[in-house]
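Reading through the structure tokens given below for one structure.
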Amino acid sequence: MEGLSKCTQCHELGEEVKSSKCLDCHTEIKDLIENKRGYHASSEVTSKECFACHNEHHGRNFQIIRFDKDSFDHKKAGFD
């Protein structure tokens, strides 16, 4: 996904990335949301755009998923 020629795979020209574009590729997350399962289907997340938590343009080695597994409330993901 790197390089200027790839921009429009995620971006509509002149607009922010819409979650629908993310979910076109991240179908496993889309399926969970549609089936109301897991953290991404929680009210805490569904009211946000993907980029609110998963921003981009930080380079290949950027950790796009960051959370403290010890303090994360696993009930939000459907796992006690």
key: Neighbour-limited loop hits for GluC sites (Glu not before Pro), the chain (at most 12 other Cβ within 10 Å; DSSP other than H, G, I, E, B)   = 2, 12, 15, 16
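Using DSSP to define loop residues, name the chymotrypsin sites (Phe, Trp or Tyr not before Pro) in the chain whose beta-carbon has at most 12 other beta-carbon atoms within 10 Å.
On the way: sites: 39, 51, 62, 67, 72, 79; in loops: 62, 67, 72, 79.
Those that pass, being in a loop and sparsely packed, are 62, 67, 72, 79.
If you rank 69, 21, 30 by how much accessible surface each has, with a 1.4 Å probe, what is the order from largest down? Provide the component values of the computation, followed by the final result.
Details: 69 145, 21 50, 30 75 Å².
From most accessible down to least: 69, 30, 21.
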inquiry  = Quick check: residue separation of residue 48 and residue 64 times 0.36 nm, minus the Cα distance between them. What number comes out in nm?
reply    = 4.2 nm
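What is the dipole size for the chain, taken about its Cα centre, with +1 at each Lys and Arg Cβ and -1 at each Asp and Glu Cβ, in debye to the nearest 20? Can you show the working numbers first?
Numbers: 12 positive and 15 negative charges, 21 e Å.
With Lys and Arg at +1 and Asp and Glu at -1, about 100 debye.
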task = Kindly report, to the nearest 10 Å², the accessible surface of residue 19 as traced by a 1.4 Å probe over protein heavy atoms only.
result = 20
query = So how many Lys-Lys pairs in the chain land under 19 Å Cα to Cα, not counting same-chain pairs under 8 apart?
reply = 12
ask   = Cα atoms only, the chain: Rg and Dmax in Å?
value = 14.2, 43
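If you wrap a convex hull around the alpha carbons of the stretch 1-48, what volume per residue comes out, as a whole number of Å³? Present the calculation step by step, with values, prior to reporting the outcome.
Numbers: hull volume 3.9 nm³, N = 48.
Dividing the Cα hull volume of the stretch 1-48 by its residue count gives 81 Å³.
The values are calculated or read from the model by the stated rules, or taken from the named source; none is laboratory data. Every value quoted in this text rests on a predicted model; they were computed, and no experiment measured them. Counting neighbours? That spans all protein chains shown, and the Cβs are built from the backbone with ideal geometry, glycine included. The area values use the complete protein model at the heavy-atom level, side chains included, leaving out ligands, DNA and RNA. Shrake-Rupley method; radii C 1.70, N 1.55, O 1.52, S 1.80 Å.
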